[in-house]
Amino acid sequence: MKIAIISDIHGNLEALSALKEPYDELWVLGDLVNYGPDPGAVIDFVRTHATVVVRGNHDDAVGFNRDPRCSARYRRMAKETMDFTLSVLSPEHRAYLASLPLVAKRTVDGNEFVLCHAAPSDPLYKYVAANSPEWEAEMEGIDANLLLVGHTHTPFVQTARGSLVANPGSLGQPKTGSPKACYAVWDRGIVLRTIDYEIEGTLRKIDLMPVSTGVREDLKAVLRSGGFETASVSLVQK
């Protein structure tokens, strides 16, 4: 079975639409909404196409109207874009986000998968970077061959306690130093991939969002730079 694995779409419909990889199943590791201009269309696509979806901290925030607990540099962007997201989503959209599980499990071709947005000990908020020794502790008690996570917007594959931990990176707001959208594919093994997308379309839509000028420019700078520091954006935890 071939599985496309995506995370952290953040309302970026152009990046999602660029995913042309053929797959048998689509798995989504959370954060469908906030920051981007098309939260409703992203939710509709995921509801139609995804087999497994887990809840991210921004999905939780919109679904329950509460703080996504972003770091200081991103707090204003998150607040203003969440106000926008809440204004354009239907009650059905919000109920869908609130209904998403924090953790999901799947068995494919004899392999056991555990899926969550951040980390098993704290599925919504914990930030564990690639190659962190914390993954050893996170895998304790996890009966799976593979743990799939998102949240950091940084793709990686590594081992912990004899299992694989994989992060596909962010499809809609990558933090790799490149604007290319990130995702992963499972096909008897896991492979990290990137794709170009029509970023200018997303940037034009951001220009029309009802947010402050500073937030608008920050959002565009993050996408253009692939998450690294620019004149107005610092690389910090999301």
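Annotations
- Members of the range 47-76 that are under 16 Å from the mean Cα position of the chain (by Cα), within 29 Å of GLU217 (Cβ to Cβ) and among the hydrophobic types (A, V, I, L, M, F, W, C): ALA61, VAL62, CYS70
- Scanning the range 119-175 for residues being part of a loop (DSSP other than H, G, I, E, B), within 24 Å of ARG188 (Cα to Cα), of a type in the set (A, V, I, L, M) and touching a residue at least 40 places away in the same chain (Cβ under 8 Å) gives a total of 2.
- Of all residues making up the range 92-125, the number that are modelled with pLDDT of 95 or more, charged (D, E, K, R) and surrounded by fewer than 17 Cβ atoms within 10 Å (Cβ to Cβ): 4
- Selection of first residues in the range 47-71 that are of a type in the set (Phe, Trp, Tyr) and of second residues that are part of a helix (DSSP H, G or I), restricted to Cβ pairs under 7 Å at least 6 apart or on distinct chains, gives the following pairs, ordered by first then second residue: PHE64/ALA98.
- Count of the range 3-44 residues which are part of a loop (DSSP other than H, G, I, E, B), of a type in the set (Asp, Glu), under 19 Å from ASP196 (Cα atoms) and modelled with pLDDT of 95 or more: 2
- Within the range 147-165, the residues that satisfy the criterion of being of a type outside the set (Lys, Arg), more than 12 Å from the chain's Cα centre (by Cα) and surrounded by fewer than 22 Cβ atoms within 10 Å (Cβ to Cβ) are PHE156, VAL157, GLN158, THR159, ALA160, GLY162, SER163, LEU164.
- Taking residues in the range 4-22 that are in contact (Cβ under 8 Å) with a residue 24 or more places away in the chain, and partners anywhere that are of a type in the set (D, E, K, R), the pairs with Cβ atoms closer than 6 Å and at least 6 places apart or on different chains are ALA4/GLU21; ASP8/ASP31; HIS10/ASP31; GLY11/ASP38; LEU13/ASP38; GLU14/GLU198.
- The range 45-74 - residue that is small (Gly, Ala, Ser) and part of a loop (DSSP other than H, G, I, E, B) and, of those, nearest to LEU13 (Cα to Cα): ALA50
- Of all residues in the range 177-202, those that are within 18 Å of HIS151 (Cα to Cα) and among the hydrophobic types (A, V, I, L, M, F, W, C) have Cβ atoms under 7 Å from Cβ atoms of residues that are loosely packed, with under 14 Cβ neighbours inside 10 Å and modelled with pLDDT of 95 or more, 6 or more apart or on another chain, in ALA184/VAL191; VAL185/LYS2; VAL185/VAL191.
The values are calculated or read from the model by the stated rules, or taken from the named source; none is laboratory data. These numbers come from a predicted model, not from an experiment. Cβ atoms come from the backbone with ideal geometry, glycine included; neighbour counts cover every protein chain shown.
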